[in-house]
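The values are calculated or read from the model by the stated rules, or taken from the named source; none is laboratory data. Keep in mind that what you see is a predicted model, and the values were worked out from it rather than measured. Here the Cβ is made from the backbone with ideal geometry for all residues, glycine too, and neighbour counts use every protein chain on show. Protein only, heavy atoms only, side chains kept; ligands, DNA and RNA dropped before computing areas. Shrake-Rupley method; radii C 1.70, N 1.55, O 1.52, S 1.80 Å.
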Amino acid sequence: MPQKRVAAIHDISGFGKCSLTVALPIISAAKIETAVIPTAVLSTHTGGFKGYTFRDLTEDILPIAKHWKSENLKFDGIYTGYLGSKKQVSLVKRTINLLKDEGTLVVVDPVMGDHGKLYAGFAPDFPKEMLTLCESAHIIVPNITEASFMLGEDYLEPPYTKEYVESLIKRLAAATGAQVVLTGVCFKKGEIGASVYKNGEIFHYLTEREDAVFHGTGDVFASALTAALLSGKNVFDAAKIAVDFTVLCIKKTLEENSDRRYGVNFESCLSDFMRILE
Ligand code: PXL
């Protein structure tokens, strides 16, 4: 089989293990080529560091895509994550249209917030804009905060009822036309997982939660999901693999007493990830 190729469109946060510094190694570990369109270069991510640098690369997004198009490069997948502005959202929509063909799987992670709050720098009307990018996707990967904000609703604290989670994913699927992999699902204390909606079918996968919140785990999850999908797994199996991998990374990180802003030790878990995909 020819090697698969993904275009990953995210920022580079130089320190703090998220976005491209997580997507590149995880998707590469699945033996998939990962071409990148960096949307910005930051010294660190924006979650808890003060005084970070931010080099905006908005003006480079479309020229990079047009150059790739002129070179006739083909992509099996396009995977988008953190985007810093409404303008970037609109340029990334155009980029997807330029680079995709019938066989291209488009995965949009509408990275905007967590635990009921938008990340630093996002205005309250940003989720509505992100929803329009989700319409370009085959699969979207919001957490509960992003899902509820895109639907114009208040965030609710876990645990959730099945009815609430199923209503969220069904309404997001109807609004976007995409399959939905919802993260941060929890029906009772002590568990964490994901719910998947595809063509009217719903699947929940929950596992034991570690009592810790690390930065970048959403990107670890979505990168693992994208890698598993392009390795031929169906969306239900891919979601299960991504949940297990993310929880394993958190467990491994808890063996050391590290700063939560520094992200997870996913590197130590890549060999397990590769084995699962074989
Ligand atoms: O992990 C999501 C993410 C990605 N990139 C940047 C961020 C964040 C979350 O805060 O700040 C720059």
**Message:** I'd like the Karplus ³J(HN,Hα) series for the stretch 44-57: coefficients 6.51, -1.76, 1.60, θ = phi - 60°, whole numbers in Hz, and an x wherever there's a Gly or Pro.
**Reply:** 9, 5, 8, x, x, 9, 10, x, 5, 7, 8, 9, 7, 10
**Prompt:** How far apart, in nm, are two points set 7 Å out from the Cα along the Cα-to-Cβ line at A123 and at K69?
**Reply:** 2.8 nm
**Asked** Any idea how far apart E166 and D237 come out in nm if each label point goes 7 Å out from Cα toward Cβ?
**Response** 2.6 nm
**Long-range Cα-Cα pairs in the stretch 5-277 (distance over 31 Å), rounded percent** = 18 percent
**Asked** Magnitude of the Cβ-charge dipole of the stretch 73-189, K/R +1 and D/E -1, about the Cα centre, nearest 20 debye?
**Response** 120 debye
**Request:** Identify the residues of the stretch 19-36 with backbone N under 19 Å of a label point that sits 7 angstrom from the Cα of R55 along the Cα-to-Cβ direction, or state none.
**Result:** 19-22, 24, 36
**Message:** For a test of the definition: using alpha carbon positions, the gyration tensor, and the 1.5 limit on a/c, classify the stretch 115-163 as rounded, prolate or oblate.
**Reply:** oblate
**Complete:** In the chain, whole DSSP H helices that both stretch 24 Å or further along their axis by alpha carbon positions and average at least -0.5 on the Kyte-Doolittle scale are 235-254
**Prompt:** Counting each DSSP H run of 4 or more residues in the chain as -39500 (n - 2.57), what helix-only mean residue ellipticity at 222 nm follows after dividing by all residues, to the nearest 500 deg cm²/dmol?
**Reply:** -12500 deg cm²/dmol
**Asked** Where a ≥ b ≥ c are the square roots of the eigenvalues of the C-alpha gyration tensor, would you call the stretch 115-228 rounded, which needs a/c under 1.5, or, failing that, prolate if a/b is larger than b/c, or oblate?
**Response** rounded
**Request:** Pull out a ≥ b ≥ c, the square roots of the eigenvalues of the alpha-carbon gyration tensor of the stretch 185-277, then state rounded if a/c is under 1.5, prolate if not and a/b is larger than b/c, and oblate in the remaining case.
**Result:** oblate
**Request:** Scan around G193 for amide H atoms under 5 Å from its own, H built in the peptide plane at 1.01 Å from N, and keep only partners 5 or more places away or cross-chain.
**Result:** G184, V185, T207
**Message:** Can you give me the solvent accessible area of S167 with a 1.4 Å probe, rounded to the nearest 10 Å²?
**Reply:** 40 Å²
**Asked** Where in the stretch 175-278 are there trypsin sites (Lys or Arg not before Pro) that are in a DSSP coil and have at most 10 other Cβ atoms within 10 angstrom of their Cβ?
**Response** K188, K189
**Complete:** One would report the antiparallel percent of DSSP beta bridges in the chain, rounded to the nearest 5, as 45 percent
**Prompt:** Using a cut-off of 16 Å between alpha-carbon atoms, which aspartates and glutamates can reach K69, once sequence neighbours fewer than 8 places away in the same chain are excluded?
**Reply:** D60, D101, E102
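If I stretch the segment between K86 and A174 completely, what's the gain in nm (0.36 nm per residue apart, minus their alpha carbon distance), one decimal?
Numbers: separation 88, 0.36 × 88 = 31.68 nm, distance 2.25 nm.
Length gained between K86 and A174: 29.4 nm.
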**Prompt:** If you keep only loop residues by DSSP, which GluC sites (Glu not before Pro) in the stretch 76-171 have at most 15 other Cβ atoms within 10 Å of their Cβ?
**Reply:** E102, E135, E153
